[in-house]
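> I have a structure here, written as structure tokens, and I will follow up with some questions on it.
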Amino acid sequence: MGYVRAVNEISAGRVVLLTTSHRVAPGLLSWPAWQALHGADDVLCADAAHPQLPYLREAGVDVKHAEPTAEELVRACAGGRTVLVVATAEGDRPLTDGLARLAGSGRHAMPDLELLPASYDLPGARLLDLVQVMDRIRAECPWSSRQTHKSLAKYGIEEAYELVEAIEDGDREELREELGDVLLQVVFHARIAEEDEEAPFSVDDVAGTIVDKLIHRHPHVFGDDTASTPEEVKAHWLRTKAVEKQRDSVTEGIPLGQPGLALAAKLASRARTAALDVPLPTGEGIGYELLAMAVHAESTGVDPEAALRSAARAYRDAIRTAETA
């Protein structure tokens, strides 16, 4: 009986389902994948336009355009043959479901089934999907196709505030969603920028710029400098930033349109970092009082904008309590 079982197992053959990632350049396959491709008795693919096919054929792999049923695939493996199926982007669900159904029936001598990933997504690979989706939306959506940098500006502000709120709430699901919304603003603006006739740039240019900046401003990571404390890191950052910007004033680059408390704190931070002893301007009214409070908060390591938001949220809760009393 053992001999018969062994013969049956050999005669049933082997099915290899080869999967690839569309986020990896075609032809960049693992060594086990190439071994399986060259060692198979038959290589089948249901998608005649599969992006891997030109590269497989160039490497001497005879790929047949075929869409076998589960029963046909099992018969093709009879006699100990190995049939490799190059999975389509949709994953050949009918075929795999059919094989599972046949195996569950117990009425068929099933070939060995192997799932072989030929290429893997690297970290950040889903960003490529986002870029592709944004391309299509920009081209086909009546609303998105008409947007400009200026028309989207308000959404960037709103999404940033919603991100801050998610952080302060400690809601992990909300944080993930709001990070995505902020990321969408970046990709959307970069996609619009590609269409500029005078100075176009793409999301790759955006990413390349920030990569270069990060490397340049972290010589203790990518260069020969050393830094063992956050303070030393900040000093590196400020030195390299000063060389890059060549600003005439420490106030340059501070957006004046930001909320007042944040603006006051940022000005105070720049002055303190530059070791400038600047007396606060004097004047009548709540504005000057708030300025003094914001500068004091910054000097003690408190973000006045976040502190006021926290107090305001407590005030909101008190209002709701009073409404239900």
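> In the stretch 210-232, is there at least one residue being among the hydrophobic types (A, V, I, L, M, F, W, C), open to solvent by 40 Å² or more (accessible area, probe 1.4 Å) and in contact (Cβ under 8 Å) with a residue 12 or more places away in the chain?
Among the residues of the stretch 210-232, not one is among the hydrophobic types (A, V, I, L, M, F, W, C), open to solvent by 40 Å² or more (accessible area, probe 1.4 Å) and in contact (Cβ under 8 Å) with a residue 12 or more places away in the chain, which makes the answer no.
> List every residue pair whose Cβ atoms lie under 7 Å apart, where the two residues are 6 or more positions apart in sequence or sit on different chains, the first residue falls within the stretch 74-102 and is in contact (Cβ under 8 Å) with a residue 60 or more places away in the chain, and the second residue, located anywhere, is surrounded by fewer than 19 Cβ atoms within 10 Å (Cβ to Cβ) and of a type in the set (S, T, N, Q).
Between residues of the stretch 74-102 that are in contact (Cβ under 8 Å) with a residue 60 or more places away in the chain and residues that are surrounded by fewer than 19 Cβ atoms within 10 Å (Cβ to Cβ) and of a type in the set (S, T, N, Q), the close pairs are A78/S11; G79/S11; G80/S11; A87/T19.
> Something else about it: What number goes with the only condition from (1) under 25 Å from I167 (Cα atoms); (2) open to solvent by less than 50 Å² (accessible area, probe 1.4 Å); (3) within 33 Å of the chain's Cα centre (by Cα) that A294 does not pass?
The failed condition is (3).
> Of the residues that make up the stretch 268-281, is at least one within 30 Å of the chain's Cα centre (by Cα), among the hydrophobic types (A, V, I, L, M, F, W, C), open to solvent by less than 50 Å² (accessible area, probe 1.4 Å) and modelled with pLDDT of 85 or more?
no
> Give me the pairs, please: first residue somewhere in the stretch 310-325 and closer than 19 Å to G170 by Cβ, second residue anywhere and surrounded by 10 or more Cβ atoms within 10 Å (Cβ to Cβ), beta-carbon distance under 7 Å, and either six or more positions apart or on two chains.
none
> Can K154 be described as open to solvent by 50 Å² or more (accessible area, probe 1.4 Å), over 16 Å from the mean Cα position of the chain (by Cα), free of Cβ contacts under 8 Å to residues at least 24 places away in the same chain and within 30 Å of A307 (Cβ to Cβ)?
So K154 passes the test.
> I've got another one for you. Take the stretch 21-64 and flag every residue that is open to solvent by 40 Å² or more (accessible area, probe 1.4 Å) and in contact (Cβ under 8 Å) with a residue 60 or more places away in the chain.
H22, R23, L28, P32
> Among the residues of the stretch 37-83, write down those that are touching a helix residue (DSSP H, G or I) at 6+ places or on another chain (Cβ under 8 Å) and among the hydroxyl-bearing types (S, T, Y).
Within the stretch 37-83, T69, T82 qualify.
> Turning to a different aspect of this structure: Taking into account only those residues within the stretch 254-265 that are in a helix (DSSP H, G or I) and touching a residue at least 24 places away in the same chain (Cβ under 8 Å), which is nearest to the chain's Cα centre (by Cα)?
Filtering first and then ranking leaves A262.
> Quick one: in the stretch 13-28, which of the residues that are within 21 Å of the chain's Cα centre (by Cα) and among the small types (G, A, S) is nearest to A87 (Cα to Cα)?
Result: S21.
> Quick check on this structure: which one of E173, E177, E197, E168 is more than 29 Å from W237 (Cα to Cα), touching a helix residue (DSSP H, G or I) at 6+ places or on another chain (Cβ under 8 Å), exposed (fewer than 15 other Cβ atoms within 10 Å of the Cβ) and not polar (S, T, N, Q)?
Within the list E173, E177, E197, E168, the selection yields E177.
> Confirm whether A160 is over 26 Å from R270 (Cβ atoms) and open to solvent by less than 70 Å² (accessible area, probe 1.4 Å).
Criteria not met by A160.
> Looking at the stretch 87-120, which of the residues that are open to solvent by 70 Å² or more (accessible area, probe 1.4 Å) and within 23 Å of the chain's Cα centre (by Cα) is nearest to S30 (Cα to Cα)?
Only one residue fits best here, namely Y120.
> What about R81, is it surrounded by 13 or more Cβ atoms within 10 Å (Cβ to Cβ), farther than 20 Å from G27 by Cβ, touching a strand residue (DSSP E or B) at 6+ places or on another chain (Cβ under 8 Å) and of a type in the set (D, E, K, R)?
yes
> List the strands (runs of 3 or more DSSP E) inside the stretch 21-124, counting only whole elements, that have at least 2 residues being closer than 18 Å to S11 by Cα.
82-86, 112-117
> Here is a follow-up. Would you confirm whether any residue within the stretch 241-250 is exposed (fewer than 14 other Cβ atoms within 10 Å of the Cβ) and in contact (Cβ under 8 Å) with a residue 24 or more places away in the chain?
Yes, some residue in the stretch 241-250 is exposed (fewer than 14 other Cβ atoms within 10 Å of the Cβ) and in contact (Cβ under 8 Å) with a residue 24 or more places away in the chain.
The values are calculated or read from the model by the stated rules, or taken from the named source; none is laboratory data. Every value quoted in this text rests on a predicted model; they were computed, and no experiment measured them. Cβ: placed from backbone, ideal geometry, glycine included. Neighbour counts: every protein chain shown. Ligands, DNA and RNA are stripped out before the accessible areas are found, and what is left, the full protein with its side chains, is counted by its heavy atoms. Shrake-Rupley method; radii C 1.70, N 1.55, O 1.52, S 1.80 Å.
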